[in-house]
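Report on the following structure.
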Amino acid sequence: MTTETVSPLISLTGIQKVFGAVQALSGVDLDIHTGECLGLVGHNGAGKSTLMNILAGTLEASGGSLSIAGTDLGRGYAVQDAGRLGIRCVFQELSLCPNLSVAENTRIIHPVLKGLGWRPRAAALIMERLDLIFPGHGVSAFDIVGDLSISKRQMVEIARAFTVTDTQIRLVILDEPTSSLDARVAEQLLDYVGRVTAEGISVILISHLLGEILQVSSKIAVMKDGRVVAFRDASGFDRGSLVEAMGSTVVAGVAPRRDAAPPKAVSEERIHMRPPEQPDDQSIRAQAGEVVGFAGLSGQGQTEALLQIFDGHGVLPSGAQDTGCCFIAGDRQVDGVLPLWSIRKNIGISSLKRLLSGLLIQNGKERELADAWKERIGIRAPDVEAPILSLSGGNQQKVLFARALGSAADIVLMDDPMRGVDIGTKNEVYAIIRQEASQGRTFLWYTTEMEELDYCDRVYVFRDGVVSETLTGAEITEENVLRASFKQVSGAA
């Protein structure tokens, strides 16, 4: 019996959501069946996360109806109801409590774990699921979440969503679950999604990596401007038709890589750094006009190397000094956005010297800068005076790009910066990076997305905190990067 001949597990009808003057959702109709993996795609600000927050009970719809297993849920539907009905959500902006341990965070969604000995039981519960989904994860149940890398936090949040005590899971919403994971760990998750859907658990997967969507989805829904504009079996889509349905221009392949060596006219060496534990003579170098990539499995020292370069150039983490180096954080909530400020102020903070008149910031100049970059990079907001937290996660990330690229910095450091950014914006940012590099700007770019290395002139592959191999030109292939990711550096601990 096919899923079309039975009642849907979840039915969303005419769902609307209004935030002030902004119509985030404009009458969404969507059904999800038992054991189905629904791929949900669309540009940043299309309404995907808003719709999922309504389904997860963290937002209340302004209109429309929601039914689960044939039961209509009226106003007042909340997170507790979603949990009772077996709905879990892995949010794009991670919801773990950073001051608690992994086991204690597991207890938050399982109140049945109480009394003497609840911590060991919670620890066993989460470790069993981590081992099942992410073999070799390297996480302890008693690690403090705030001390973990964003990749490991993402793994914990995903594993927690699939833990079971007194309530069976019906549906798990995964909102950009692989955005902080390297290719190997992402593949572990996608394999697990295939296994649990075969067991009858439904999954909604939101991802800007269209290959993932096509790989695991049984159906795909495309959202645009708060509506579902396409919805059919995954077999009816390919990458090109998905991009077209989203309203973007199909880009054939990746842009050709430039020569490994930059032109002599811009050959000034700006970075020369040897990792502290490097056992051989390999060092990280970057010249004016180069895009230099950092690769390898996540947590192998790439971010630490960027921070070492950042510290060496005397720039504050806030980017407040308009000097020679700026940083685009991948973990935008911890290291990126200034949450109490507007979009304008978040963009202008890296360009203060150019915006000053005496001791005062010229608001007009700051607004001109913000408006220009809002237009250039496509930040979806009614006005740059809007609060930064009123934006979707992907649009918040665009603000961080605007902050860095709108500054006068000669060196731009990027720590896996495309987290939660849609494919259309990615292509636009790639073009901007290449254009800025051609004018002499230097980019050092850590990325977990293999195809992004095709935009780099040279790639340093990291393992255990040191450079295991340097790749240039035609050597930059997925096979070579993966090989170097597991290479033991002679003399390394």
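The values are calculated or read from the model by the stated rules, or taken from the named source; none is laboratory data. From a predicted model like this one, the values you see are computed outputs, not experimental measurements. Backbone-built Cβ (ideal geometry, glycine too); neighbour counts: all protein chains shown.
Just so you know, in the stretch 176-191 the residues that are within 25 Å of Arg232 (Cβ to Cβ) and modelled with pLDDT of 95 or more include one that is surrounded by the most Cβ atoms within 10 Å (Cβ to Cβ), and it is Leu189.
Here the strands (runs of 3 or more DSSP E) wholly within the stretch 4-57 that include at least 3 residues being among the polar types (S, T, N, Q) and over 20 Å from Ser95 (Cβ atoms) are 10-19. Within the stretch 454-473, is even one residue β-branched (Val, Ile, Thr), part of a helix (DSSP H, G or I) and in contact with a strand residue (DSSP E or B) (Cβ under 9 Å, 6 or more places away or on another chain)? So far as the stretch 454-473 goes, no, none of its residues is β-branched (Val, Ile, Thr), part of a helix (DSSP H, G or I) and in contact with a strand residue (DSSP E or B) (Cβ under 9 Å, 6 or more places away or on another chain). Could you tell me how many of the residues in the stretch 165-188 are part of a helix (DSSP H, G or I) and touching an Asp or Glu at 6+ places or on another chain (Cβ under 9 Å)? The total comes to 2.
Taken together, Leu453, Leu471 contain a single residue that is closer than 23 Å to Val429 by Cβ, touching a residue at least 12 places away in the same chain (Cβ under 8 Å), touching a Leu at 6+ places or on another chain (Cβ under 9 Å) and surrounded by 22 or more Cβ atoms within 10 Å (Cβ to Cβ), which is Leu453.
Yes/no matrix, rows are residues, columns are (1) more than 21 Å from Pro177 (Cβ to Cβ); (2) among the hydroxyl-bearing types (Ser, Thr, Tyr); (3) touching a residue at least 24 places away in the same chain (Cβ under 8 Å):
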site	(1), (2), (3)
His43	no, no, yes
Ser65	yes, yes, yes
Gly70	yes, no, yes
Gly74	yes, no, no
Val79	no, no, no
Val90	no, no, yes
Cys97	no, no, yes
Leu113	yes, no, yes
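Scanning the stretch 1-54 for residues that are under 28 Å from Arg380 (Cα atoms), over 26 Å from the mean Cα position of the chain (by Cα) and at pLDDT below 90 yields Gly20, Ala21. Looking at the stretch 378-388, is at least one residue over 29 Å from Arg419 (Cα atoms) and not assigned by TED's automatic domain parsing to the domain that holds Pro177? Scanning the stretch 378-388 turns up no residue that is over 29 Å from Arg419 (Cα atoms) and not assigned by TED's automatic domain parsing to the domain that holds Pro177.
Answer yes if at least one residue in the stretch 364-372 is in contact with a strand residue (DSSP E or B) (Cβ under 8 Å, 6 or more places away or on another chain), aliphatic (A, V, I, L, M) and buried (at least 17 other Cβ atoms within 10 Å of the Cβ), and no otherwise. So far as the stretch 364-372 goes, no, none of its residues is in contact with a strand residue (DSSP E or B) (Cβ under 8 Å, 6 or more places away or on another chain), aliphatic (A, V, I, L, M) and buried (at least 17 other Cβ atoms within 10 Å of the Cβ). Out of all the residues in the stretch 213-265, which are of a type in the set (A, V, I, L, M, F, W, C), surrounded by 17 or more Cβ atoms within 10 Å (Cβ to Cβ) and at pLDDT below 85? Residues satisfying the conditions are Val243, Met246. Every residue in the stretch 189-214 that is under 19 Å from the mean Cα position of the chain (by Cα) and of a type outside the set (A, V, I, L, M, F, W, C), please. Ser207, His208, Gly211, Glu212, listed by residue number. For the stretch 397-409, a residue qualifies if it is closer than 25 Å to Ser207 by Cβ, out of contact with any strand residue (DSSP E or B) (no Cβ under 8 Å at 6 or more places or on another chain) and among the aliphatic types (A, V, I, L, M), and the qualifying residues are Val399, Ala402. In the stretch 404-438, of all residues being β-branched (Val, Ile, Thr) and not in a helix (DSSP H, G or I), the one that is modelled with the lowest pLDDT corresponds to Val421. Taking the condition at positive phi, buried (at least 17 other Cβ atoms within 10 Å of the Cβ), touching a residue at least 40 places away in the same chain (Cβ under 8 Å) and among the acidic types (Asp, Glu), does Asp416 pass? Yes. Note on the stretch 319-381: enclosed helices (runs of 4 or more DSSP H) holding 1 or more residues that are within 30 Å of Leu96 (Cα to Cα) and in contact (Cβ under 8 Å) with a residue 12 or more places away in the chain are 332-335, 343-348. Every condition in (1) at pLDDT below 95; (2) in contact with a Leu (Cβ under 6 Å, 6 or more places away or on another chain) holds for Leu205 except the one numbered (1).
The set of residues in the stretch 410-437 being of a type in the set (Gly, Ala, Ser), in contact with a strand residue (DSSP E or B) (Cβ under 9 Å, 6 or more places away or on another chain) and within 23 Å of Ser392 (Cα to Cα) consists of Gly420 alone. Scanning the stretch 332-347 for residues that are modelled with pLDDT under 90 and either touching a strand residue (DSSP E or B) at 6+ places or on another chain (Cβ under 6 Å) or under 17 Å from Val412 (Cβ atoms) (or both) yields Arg332, Asp335, Gly336. Residues satisfying the criterion are absent from the stretch 399-415 (criterion: charged (D, E, K, R), farther than 30 Å from Gln308 by Cβ and out of contact with any helix residue (DSSP H, G or I) (no Cβ under 8 Å at 6 or more places or on another chain)).
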